[in-house]
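A quick write-up on the structure given underneath.
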Amino acid sequence: MLTTIASFINAAIIQGIPLLYGATGEIITEKSGNLNLGIPGIMYIGGISGIVGGYIYEYYTPEPVAALCIIIPLLCSLLASAFMAFIYSFLTITLRANQNVTGLALTTFGVGVGNFLGGSLQSFFGKSGSISLLTTGNYYKTPLPFAEKLGLFGQTFLSFGFLAYLAVIIAVICAFVLKKTRIGLNLRAVGESPATADAAGINVTRYKYVATCTGGAIAGLGGLYFVMDYIAGAWTNDGFGDRGWLAIAIVIFALWKPDLSILCSFIFGGLYIICTYIPGLSSASKELIKMLPYVVTIIVLVVISARKRRENQPPAHLGLPYFREER
Amino acid sequence: MSTAAIELKGITKRFGSVVANKNISLSVQNGEILSLLGENGSGKTTLMNMISGIYHPDEGQIFINGQEAVIASPHDAYDYKIGMIHQHFKLVDVFSAAENIVLGMNDGKKFNMNDVYARVSQICEKYGFEIDAHKKIYQMSVSEKQTVEIIKVLYRGADILILDEPTAVLTPQETQTLFKVLRRMRDDGKAIIIITHKLHEVLSISDRVSVLRRGEYVGTLRTADTNEIELTEMMVGKKISLNIERSEPHDIKDRLVVSNIQCNSREGVRLLDNVSFVARSGEILGIAGIAGSGQRELLEAIAGLQHIDSGSIIYNNPKTGVQDNLRDKTPIQIRDLGVRLSFVPEDRLGMGLVGNMDIVDNMMLRSYRHGKGIFLKRAEPKALADKIISDLQVVTPGTSTPVRRLSGGNVQKVLVGREIAAAPTVLMAAYPVRGLDINSSYTIYNLLNEQKEHGVAVIFVGEDLDVLIELCDRIMVIGGGRVTGIVDARNTTKEEIGLLMTKTDGGQTNE
């Protein structure tokens, strides 16, 4: 029984990590007043660009070095997802396009590009079969060295690759920055009331761009974790599924707080896979149980809207463009 | 005389062809309070926005402590130790007072909220503010929010403070507290400019008064040497003859009898206080007042868009002779009673017309309940649109042009044309000529006159006193949500109306 619980917690954390990256990225983005619904697509791009980078490196190098195996996909992923977020920023901040439409278009685009490259990368290089970056995947999966010595605790909580810990660290840093620093205060002001921020001498456009691109880069790491660690350097079309949307749901569930989103991500990770831990479920009931994260999100939305506590509401200017001339 | 804290020389600012400020020069010393007095649209706020870096003057110079200064942004203004307290507060609701105060500042030191709280309480003690720096803005009253704004500029080390109509949102007690603080800041050597149009406040707080009229500088007086009547004359100026045709009213009947209506905002602020008047058929009733004195709320209350707490609005139906109370009825219910009420709202493209829809579709907004079946019949509204275009000489490529592409005057013609086409018995128009050129304005005046001659009770909210005096039959003046007087337009003067406008302590004047 204990081992089942431990393995469930372990699995919940593994499932929660990509969600946590997505949620942290989206929180940073939304704090600047940008509702980036392109996050699911950006996470696909984050995954596939890591695969492409790793693939090319492994393909042209007879004996890949550990450090480069990690750094190249990491950099590719960060840059590509930040670039996606930059497209979003340019369209919504500079050209003032509708945020929802732009985000949804980016998601459709990102998923499509991911599946296209993932499905045809092998044939570009004259090979057949599916992608398998075993070397890179193994480096990404390397757990902490002392994990094995700590028995069940080590297996449950410390058996992940470095990206898992990085996710938690980034979330904690983001929480700290938002709560305790001048930059965080300014960023929150931009999302709440850009006109006020502008009058206070804050460069609203710069904050929005930087927050959105940083948020995109962080979210992209969720895709990288998924392809490199979770499925060990492989690609399956639509394998990442709807985790991006789940990440956006977590933002609401965590009340736009990155520290709370750590816990929420693991809860959602658990809800995502709990159906495989309940014995004797028909496939229909499994699908019903998979709805749980979304049902929980709707309940949270209803509760926070009903309670009207101002601190728990989304940033007041979320989703709206800012025109300086209109003040 | 010592060097002025701030001195303006020959400032001119244009917006397109409109001259908002023309060759204005004035100065303020340290340890002095200057009132800037003027009607709506006289250019007070524009002028102050140039000092605080929001606008840039087209001509003229600004000197600060004798040095010429270029203020290109609000940030520059802070660097020159200028702080402006806007009429609409710029505060983040979910932040605490202290967080708002420190927002956007970077003094290079380590960011520590405890230091901020300490400095804020220091400033509060020095000038006698009472505020809890930990309190969130959304929990604050208007006066507390204003205090936060003032502390915000003092925290940034401002020596020159500009307050844009600070008392407009305050109760008399809060105003007294504010004045006490302002005097203490003056005694501390700050230069203070206060924009206002309440004469008694000018006389009680300021050392000198500068008066603007229609963007032009009229003059500066020492407060001790002047009085309300002199200031009113400077503010409203000499009467200008406009030669608007005005027919004698005939067949006058009480159409709309408004008695003692009270309205409160959601925050509990009194918007309309015991307002009573009669709108008569065949007559134009003008409504004058400083912007935001309750004109909008009054019209919306009659139109069924504003909740009324007490009082009644009785409509005498000319056809049936029935008296209906319109209070707390929705626009649809009012229409179903057979009340033919037309409303030309202030916000033309927000409340009056849908900017992205064409003229025909906008006509249908008034008649969408006509007809049967699920399909639209566009022939009738199309004919109406064509009629309005030819009758009122609307300049448009055609009836299928989105109205937002039309110029302001043409938009207004479409809106007024539609409202008149509904054959109203009561026609309410709020600032119908705002932003219109002379010819369009006269077209609108003539339309209103025509309606009056047809026996319509016209209610005209205006800002230009010359127009009100020449166009209307009676003028009701409101100030601070109260009726401060109803005068006969044929036998009144701008000074009389000006004095009533700035009188906020109530008191009914009989015709």
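A short reminder: the numbers here are calculations on the coordinates, not readings from a lab. Keep in mind it's a predicted model, so treat the numbers as computed, not measured. Here Cβ is always computed from backbone atoms with ideal geometry, including for glycine, and neighbour counts include all displayed protein chains.
Between B:THR401 and B:ASP132, the modelled label-to-label distance comes to 5.8 nm, taking each label 7 Å out from Cα in the direction of the beta carbon. Applying the Karplus relation 6.51 cos²θ - 1.76 cosθ + 1.60 with θ = phi - 60° to the range A:22-27 yields 3J(HN,Hα) values of x, 5, 4, x, 5, 5 Hz, where x marks Gly and Pro. Each Cα pair under 8 Å and six or more residues apart adds its sequence gap; the mean of these over the residue count of the range A:2-326 is a relative contact order of 37 percent. Qualifying trypsin sites (Lys or Arg not before Pro) in the range B:69-146, where qualification requires a DSSP coil assignment and no more than 14 other C-beta atoms within 10 Å, comprise B:LYS109, B:LYS110, B:LYS135.
In this structure, the amide hydrogen of B:ARG213, modeled 1.01 Å from its nitrogen in the peptide plane, lies closer than 5 angstrom to those of B:VAL218, counting only residues at least 5 positions away or on a different chain. Using all Cα-Cα distances in the range B:397-511, what percent lands in each 5 angstrom bin from 0 up to the longest? Each 5 Å bin holds this share of Cα pairs: 2, 11, 19, 19, 18, 14, 10, 4, 2, 1, 0. Note on chain B: the alpha carbon radius of gyration divided by the globular reference 2.2 N^0.38 Å gives 1.07.
Between A:THR94 and A:LYS290, what length in nm is gained on full extension when 0.36 nm per residue of separation is reduced by their alpha carbon distance? Before the final figure, lay out the partial values.
Working: separation 196, 0.36 × 196 = 70.56 nm, distance 3.90 nm.
The A:THR94-A:LYS290 span can extend by a further 66.7 nm.
Enumerate by residue number the trypsin sites (Lys or Arg not before Pro) in the range B:367-421 meeting two conditions: DSSP loop (anything except H, G, I, E, B), and at most 11 other Cβ atoms within 10 Å of the site's Cβ.
Qualifying residues, ordered by number: B:ARG369, B:LYS372.
In straight-distance terms, cross-link reach from B:LYS9 covers every one of the lysines whose alpha-carbon lies under 23 Å from its own, apart from those fewer than eight places away in the same chain; here that gives B:LYS22, B:LYS44, B:LYS81, B:LYS190. Here the extension length gained between A:TYR165 and A:ILE273 equals 36.8 nm, from 0.36 nm per residue of separation less the Cα-Cα distance. Within chain A, what is the number of lysine pairs with alpha carbons under 20 Å apart, leaving out pairs fewer than eight places apart on the same chain? Pairs that pass both the separation and distance tests number 12.
Using just the Cα positions, wrap the range B:291-351 in a convex hull and report its mean projected area in square nanometres, one decimal place.
Taking a quarter of the hull surface, the average projection is 4.8 nm².
Loop-located GluC sites (Glu not before Pro) in the range B:157-256 (DSSP state other than H, G, I, E, B) with a sparse environment of at most 12 neighbouring Cβ atoms within 10 Å: B:GLU245.
Within the range B:348-422, the proportion of Cα pairs with more than 16 Å between them is 40 percent. Counting charges near A:ILE250 (Lys, Arg +1; Asp, Glu -1) among other residues having Cβ under 11 Å from its Cβ returns a value of +1. log10 I(q)/I(0), Debye, Cα-only the range B:1-140, no solvent, q = 0.10, 0.11, 0.20 Å⁻¹? With no solvent term, the Cα-only Debye profile gives -0.45, -0.54, -1.23. If each of B:SER141 and A:ALA316 carries a label point 7 Å out from its Cα toward its Cβ, how far apart are those two points in nm? Calculated label separation equals 2.0 nm. Look at where the Cα atoms of the range B:261-279 and of the range A:21-66 average out, and the two centres are 58 Å apart.
Annotation: amide H-H contacts under 5 Å for B:ILE162 (H modelled 1.01 Å from N, sequence separation of 5 or more, or interchain): B:GLY83, B:MET84, B:ILE85, B:ILE193. Dividing the convex hull volume of the alpha-carbon atoms in the range B:94-226 by its residue count gives 133 Å³ per residue.
Ordering B:VAL257, B:CYS472, B:VAL148 by Cα displacement along the dipole of chain B toward the positive end leaves B:VAL257 in first place; charges were set at the Cβ atoms of Lys, Arg (+1) and Asp, Glu (-1). Among residues other than B:ALA98 with Cβ under 12 Å from its Cβ, the summed charge is +1 (Lys and Arg +1, Asp and Glu -1).
For chain B, what is the percent of antiparallel DSSP beta bridges, rounded to the nearest 5?
Values: 44 of 82 bridges.
Given both bridge residues lie in chain B, the antiparallel proportion sits at roughly 55 percent.
With a Förster radius of 35 Å applied to the C-beta separation of A:ILE231 and B:ASN356, the computed FRET efficiency comes to 0.15. Take the Cα of B:ASN114, step 7 Å toward its Cβ, do the same at B:SER312, and the gap between the two points is 6.6 nm. If only the Cβ of Lys and Arg carry +1 and only the Cβ of Asp and Glu carry -1, the dipole of the range B:6-236 around its Cα centre is close to 300 debye.
When both bridge partners sit in the protein assembly as shown, DSSP labels roughly 55% of those beta bridges antiparallel. The alpha-carbon atoms of the protein assembly as shown define a convex hull whose volume equals 226 cubic angstrom per residue. Counted by Cβ distance under 12 Å from B:ARG222, the other residues give a net charge of -3, where Lys and Arg count +1 and Asp and Glu count -1.
With contributions of -39500 (n - 2.57) from each DSSP H run of at least four residues, the per-residue ellipticity at 222 nm computed over the protein assembly as shown stands at -14500 deg cm²/dmol. List the lysines whose Cα lies under 17 Å from the Cα of B:LYS452, skipping any in the same chain that are fewer than 8 positions away. Correct list for B:LYS452: B:LYS253.
Under 19 Å of direct C-alpha separation, and excluding same-chain neighbours fewer than eight residues apart, B:LYS110 reaches these aspartates and glutamates: B:GLU99. Cα-based values for chain A, radius of gyration first and Dmax second, are 20.1, 64 Å. Taking only the C-alpha atoms of the range B:6-236, the Rg (one decimal) and the largest Cα-Cα distance, Dmax (whole number), read 17.5, 55 Å. Where in chain A lies the longest segment free of chymotrypsin sites (Phe, Trp or Tyr not before Pro) that are both loop residues by DSSP (not H, G, I, E, B) and have at most 15 other Cβ atoms within 10 Å? For chymotrypsin sites (Phe, Trp or Tyr not before Pro) (loop position, at most 15 other Cβ atoms within 10 Å), the longest site-free span of chain A is A:147-276.
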